[in-house]
Amino acid sequence: MKTFLLFVLFMLIALIVIVLAVILGDSGAWYFAWLVGTGMIVLITAAGGAMLDTQEEQAALLKADAQAGARHG
């Protein structure tokens, strides 16, 4: 049943996309490129933020380890 519902959902999405393509006509490709570009910018920005957080956490751990080593060494 779940597979059938997913199939129906995707068919509805495809129908909406086809109707939008007919309505937009020649400018449809421009809107598609705009949507894809905007999505890529958001994903790249999120990945950059995640990498920055990871680097900051790693630097804090290294600093804490160095300070702990200096106290015991």
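All of the numbers you see were taken from the coordinates with simple rules; none came from a lab. Model, not experiment: these values are computed from the prediction. Note that we place each Cβ from the backbone using ideal geometry, even for glycine, and neighbour counts take in every protein chain shown.
Residue by residue, region 49-66 carries 3J(HN,Hα) couplings of x, 5, 5, 5, 4, 5, 5, 5, 5, 5, 5, 5, 5, 5, 5, 5, 5, 5 Hz when phi is fed to the Karplus relation 6.51 cos²θ - 1.76 cosθ + 1.60 (θ = phi - 60°); x denotes Gly or Pro.
Extension gain, L61 to V8: 0.36 nm times the residue separation minus the Cα-Cα distance gives 14.1 nm. Shape class of the chain from the Cα gyration tensor (axes a ≥ b ≥ c, square roots of the eigenvalues): oblate, since a/c reaches 1.5 or more and a/b does not exceed b/c. Whole-Hz Karplus values for region 28-34 come out as x, 5, 5, 5, 4, 5, 5 Hz, taken residue by residue from phi with 6.51 cos²θ - 1.76 cosθ + 1.60 and θ = phi - 60°; glycine and proline positions read x. What the phi angles of region 36-45 give under the Karplus curve with 6.51, -1.76 and 1.60, with θ = phi - 60°, is a coupling list of 5, x, 5, x, 5, 4, 5, 5, 5, 5 Hz, glycine and proline written as x. Work from the charge dipole of the chain (Cβ charges, +1 for Lys and Arg, -1 for Asp and Glu, about the Cα centre) and give the residue of L20, M1, A46 farthest towards its positive end. The one lying farthest along the dipole's positive direction is M1.
The long axis of helix 2-24 is offset from the longest Cα principal axis of the chain by roughly 70 degrees.
Rounded to the nearest 20 debye, the dipole size of region 2-72 about its Cα centre is 160 debye, using +1 on the Cβ of Lys and Arg and -1 on the Cβ of Asp and Glu.
Distance between the pseudo-spin-label points of A47 and L20 (7 Å out from Cα toward the beta carbon): 2.3 nm.
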